1. Mind listing whichever residues of segment 114-148 are at pLDDT below 95, farther than 21 Å from I201 by Cα and either among the small types (G, A, S) or in contact with a helix residue (DSSP H, G or I) (Cβ under 8 Å, 6 or more places away or on another chain) (or both)?
2. State yes or no: is V68 within 14 Å of N137 (Cα to Cα) and among the β-branched types (V, I, T)?
3. Of everything in segment 257-282, what is in a helix (DSSP H, G or I) and either within 16 Å of R202 (Cβ to Cβ) or at pLDDT below 95 (or both)? Give them in sequence order.
4. Being within 16 Å of V90 (Cβ to Cβ), surrounded by fewer than 22 Cβ atoms within 10 Å (Cβ to Cβ) and of a type in the set (A, V, I, L, M, F, W, C) narrows it down to one of A176, A159, A140, so name that one.
5. Out of everything in segment 220-256 that is assigned to a loop (DSSP other than H, G, I, E, B) and modelled with pLDDT of 70 or more, what residue ends up being farthest from P122 (Cα to Cα)?
6. For Y152, state whether it is surrounded by 13 or more Cβ atoms within 10 Å (Cβ to Cβ), among the hydroxyl-bearing types (S, T, Y), within 18 Å of the chain's Cα centre (by Cα) and assigned to a helix (DSSP H, G or I).
7. Scan segment 202-219 for residues that are under 18 Å from the mean Cα position of the chain (by Cα) and modelled with pLDDT of 70 or more and jot them down.
8. Test R29 against the stated conditions and say whether it is without any contact (Cβ under 8 Å) to a residue 12 or more places away in the chain and either assigned by TED's automatic domain parsing to the domain that holds N127 or crowded, with 17+ Cβ neighbours inside 10 Å (or both).
Amino acid sequence: MSSLLLSPLAAWANLPVVASFSIMADITREVGGERVSVVSLVGADQDAHVFQPKPADVKKLAEAKVFVVNGLGFEGWINRLNKSANFKGVTVTAANGLKPLAVAEDEHGHDEHGHDHGRADPHAWHNPQHVLRYVDNIAAGLSRADAAGASYYRERAAAYKARLQELDSWAGKQFAAVPAARRKVLTSHDAFAYLGQRYAIRFMAPQGVSTDAEASAKSVAQLIRQVKKEQVKAVFIENMSDRRLIDQLAKEAGVKVGGKLYSDALSSQPGARSYLEMFRSNVTALSQSM
């Protein structure tokens, strides 16, 4: 059959893999190397929280052998997509086996920002120690789909995990130089709790763990008072978020937006095109600002 008649994924010589969003795609490429061809449903600088699969995305997944997702409720659209694509390949839930952080709740037992994402915070990749588990799960999933490449995936996973350990050690040293009282940060949405837990940083945000609903006027007003009272100096927008809310909050609190963080997506520009680059960029920006 002529290659012109084959769809893009069917024509791939390597194992066809679909990843849910850009960070998952990059980690999968690091593990899979030359044996895999990876496409990301949600691209760089795009918001996976509000993603709506298109017919082309359904086709991509239907033709793939492996589907790599974060899990923990991050991809709220995944069940609809799986059903539409009738996907029968290997699904890898990268965060499987991790103990997630709980989403902060108000005194009524509800997510204080009104989002329905269960009680698990899905942004576990902001702790490099958790990404070690991601790597193991991805390597195992690729090996199930491509048994002949199992040793290759294990070797690449081990090498990448060594780089993650180095990154974690470096980050710890950067934050150790910042006095504990100054480790307070304001961001667009509540995506950095795992980073905060790992390195003893307090993150505040007007939106909850998702960007798919507006922050309430009450929560914004409370946050403005908190930022003023605690004299928070580190204020950041995120590469995939609408910056108008954080600009408004910063203006009313009398602080300046200091830069950009990468939360749920890699960048299309140099400096944060991979997970390792993204994490290093975030740590550098945070430590310098604080």
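1. Of everything in segment 114-148, those that are at pLDDT below 95, farther than 21 Å from I201 by Cα and either among the small types (G, A, S) or in contact with a helix residue (DSSP H, G or I) (Cβ under 8 Å, 6 or more places away or on another chain) (or both) turn out to be G114, G118.
2. So V68 passes the test.
3. Across segment 257-282, the qualifying residue is only N282.
4. After applying the criteria, what remains is A140.
5. Looking at the filtered set, the residue picked out is G254.
6. no
7. Residues satisfying the conditions are F203, M204, A205.
8. yes
The values are calculated or read from the model by the stated rules, or taken from the named source; none is laboratory data. Model, not experiment: these values are computed from the prediction. Every residue, glycine among them, receives a Cβ derived from its backbone with ideal geometry; neighbour counts consider all protein chains shown.
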